[in-house]
Amino acid sequence: MQPKKSVRDYIRTIPDFPKPGIMFRDVTTLFADPRGFRICIDQLLDPFADQRFDKVVALEARGFIMGGAIAHQLNVGFVPIRKKGKLPGATLEQPYLLEYGEAVMEVHDDALQAGERVLLVDDLLATGGTAEAGVKLCERMGARIVGCAFIVDLPDLGGRKRLKDLGLRVEALCAFEGD
């Protein structure tokens, strides 16, 4: 009998992408495997089994894949947070810093209601800049972030600490040191 695979076993590492020295953690191999994908969604929800959510908020783009599946499983609404210029209608904007400049995330200004309980999801937590921008957008609409769930944490880049310093609960299915 084969040993049980963990979520980490489904993730492919691609060296030197998108530039030399980077070890890219590719979750598309996880998404492509039906068993791996089911394990991922179930395990992302497990730490929050005792919580109630009104919406799942996911960050562009791979976060949408998990966010839709999680919202379906929880029978709640799904809210995408996108890069600037991708959403029609009135939006709220939140700038955040990148290592080479600044970017902007957006959400429809009516996507969340005051008091709604939100689970924020994305595939990877690195520096936490994108996640923090998502948190700020949700909070500007009066929503409460109950937790943040990620497949991969790159702890050496400080994102977990950044979100915990905001008082947020952060869960990740696996970590890759040194990235």
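The values are calculated or read from the model by the stated rules, or taken from the named source; none is laboratory data. Computed from a prediction, not measured in an experiment: that's the story for all the values here. All Cβ positions, glycine included, derive from the backbone under ideal geometry; neighbour counts span all protein chains shown.
List of remarks:
- Any chance residue 117 is out of contact with any helix residue (DSSP H, G or I) (no Cβ under 7 Å at 6 or more places or on another chain) and basic (Lys, Arg): yes
- Complete set of residues in region 150-172 that are of a type in the set (A, V, I, L, M), in contact with a Gly (Cβ under 9 Å, 6 or more places away or on another chain) and buried (at least 20 other Cβ atoms within 10 Å of the Cβ): 154, 163, 170
- Filtering region 95-126 to residues that are surrounded by fewer than 17 Cβ atoms within 10 Å (Cβ to Cβ) and either hydrophobic (A, V, I, L, M, F, W, C) or modelled with pLDDT of 95 or more (or both) leaves 95, 97, 98, 103, 104, 109, 110, 113, 114, 115, 117.
- Qualifying residues in region 12-48 (those that are of a type in the set (Val, Ile, Thr) and modelled with pLDDT of 95 or more) - the one farthest from residue 151 (Cα to Cα): 14
- Residue in region 21-36 that is farthest from residue 10 (Cα to Cα), counting only those that are of a type in the set (D, E, K, R) and more than 19 Å from the chain's Cα centre (by Cα): 35
- Only a single criterion out of (1) in contact with a Lys or Arg (Cβ under 9 Å, 6 or more places away or on another chain); (2) modelled with pLDDT of 95 or more is not satisfied by residue 5, namely (2).
- Breaking point among (1) over 27 Å from residue 75 (Cβ atoms); (2) touching a Gly at 6+ places or on another chain (Cβ under 6 Å), for residue 17: (2)
- Only residues that are in contact (Cβ under 8 Å) with a residue 12 or more places away in the chain, of a type outside the set (A, V, I, L, M), more than 30 Å from residue 90 (Cβ to Cβ) and in contact with a strand residue (DSSP E or B) (Cβ under 8 Å, 6 or more places away or on another chain) were counted in region 120-168, giving 3.
- Those strands (runs of 3 or more DSSP E) lying entirely in region 10-65 with at least 2 residues β-branched (Val, Ile, Thr): 12-15, 55-59
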